[in-house]
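A short write-up of the structure that comes next.
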Amino acid sequence: MARRGARMLIPPPTGDLAKAWLEALWEEAIHGPVRVPSEIVGKDRSGRLTNLRGKIDRVFQASYALCRKFESEALQAEFEEKQRNDPNNWSPFRAEFEVFKKLRDMKSLPHEQVPEAFVRDAISRRLGIKPEEVTWAQIRHEVTSLLPYYPAITVIPSAPVPQTTNPPAISNDAQRRKRRRKRRRKSRRSNQEATIASQISQLRLECRWTEEKLAEKTGLDVRTVRRHLSGEAVPRLNNLAIYETAFSKELKRKVLVKRNAL
């Protein structure tokens, strides 16, 4: 126990640990806050022990008290060190200086280089989206999560896709085909102006039915009827037949809903 206690002495002893511990006990008994009469035999004129003989009263209690003293001093030093390093206790100037040091260290440290394409691919695989749909905000968030492990990080942008200054020339045949497709689309749009939804809505108004009444007459769900009337859903062929039967019976004439409005 004496040797273990001697290793706590400052400055550390260079000779026999047990002898150094007994000297510390004697010094504490003579000059410490709690003085314990101790009889030490074999001291030289400077007061140092020349050999281990004589007696120290209650040596175990003295060793325990000295160990508690060292422990108390260590706890106090640890507390003071923690208080000094707590940012809440820093002066405004020290807080700014610590930020300055952090920025300086980040500039001097070697930067980890992360390719932008690698980050995009990693995010897109995890989210199930295309790499080009990944935003820069998502990239910054992912790279920021690495800062506790890599304080200095540089994102290497992907090379831009080269674009030609002049678009390729389009042949006359290709231009004619393009104009024909445009005319066909315009023709289809004009033929489909009367959509199925508008036809059903017009027939419902002609019968002076509410949406609930139309659902009652056709036996369809009200939500389904509303989706057909708004154009949100296209009725199936069997549903169209049900509508035609209900409107024909009410209007007492043959009613047909144009199928080409699909």
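Just checking, how many residues over the stretch 12-25 are surrounded by fewer than 20 Cβ atoms within 10 Å (Cβ to Cβ) and either closer than 14 Å to ALA65 by Cβ or among the aromatic types (Phe, Trp, Tyr) (or both)?
Within the stretch 12-25, residues that are surrounded by fewer than 20 Cβ atoms within 10 Å (Cβ to Cβ) and either closer than 14 Å to ALA65 by Cβ or among the aromatic types (Phe, Trp, Tyr) (or both) number 0.
What's the total number of residues in the stretch 236-257 that are in a helix (DSSP H, G or I) and closer than 19 Å to SER198 by Cβ? Reasoning before the result, please.
So the first thing to find is which residues in the stretch 236-257 are in a helix (DSSP H, G or I), and the list is 237-251.
Now drop any that are not closer than 19 Å to SER198 by Cβ, which leaves 237, 239-244, 246-248, 250-251.
Within the stretch 236-257, residues that are in a helix (DSSP H, G or I) and closer than 19 Å to SER198 by Cβ number 12.
Cβ contacts < 6 Å: first residue assigned to a helix (DSSP H, G or I), restricted to the stretch 169-197; second residue at pLDDT below 65 and of a type in the set (A, V, I, L, M), any location; separation 6+ or different chain. Result?
Going by the 6 Å Cβ cut-off, the qualifying pairs are ILE196/ALA261.
When you go through GLU73, GLU81 one by one, which is the residue that is modelled with pLDDT of 85 or more and in a helix (DSSP H, G or I)?
GLU81
Of all residues in the stretch 198-208, how many are in a loop (DSSP other than H, G, I, E, B) and either under 20 Å from VAL234 (Cα atoms) or at pLDDT below 90 (or both)? If you could, list the steps in order and put the result at the bottom.
Taking the stretch 198-208 and keeping what is in a loop (DSSP other than H, G, I, E, B), we get 208.
Applying the additional criterion that residues be either under 20 Å from VAL234 (Cα atoms) or at pLDDT below 90 (or both) yields none.
Result for the stretch 198-208: 0.
Could you please find all residues in the stretch 138-148 being aliphatic (A, V, I, L, M) and modelled with pLDDT under 90?
Within the stretch 138-148, VAL143, LEU146, LEU147 meet the criteria.
Hey, among PRO87, PRO92, PRO110, which residue is in contact (Cβ under 8 Å) with a residue 24 or more places away in the chain and either exposed (fewer than 11 other Cβ atoms within 10 Å of the Cβ) or not aliphatic (A, V, I, L, M) (or both)?
Answer to the check: PRO110.
For the stretch 97-107, does any single residue satisfy the condition of being surrounded by 13 or more Cβ atoms within 10 Å (Cβ to Cβ) and touching a residue at least 24 places away in the same chain (Cβ under 8 Å)?
yes
If I filter the stretch 53-70 down to residues being surrounded by 14 or more Cβ atoms within 10 Å (Cβ to Cβ) and part of a helix (DSSP H, G or I), which single residue comes out as modelled with the lowest pLDDT?
The qualifying residue modelled with the lowest pLDDT is VAL59.
The values are calculated or read from the model by the stated rules, or taken from the named source; none is laboratory data. Owing to the predicted nature of the structure, the values given are computational and were not obtained by experimental measurement. Positions of Cβ are generated from backbone atoms using ideal geometry, with glycine treated the same way; all protein chains shown enter the neighbour counts.
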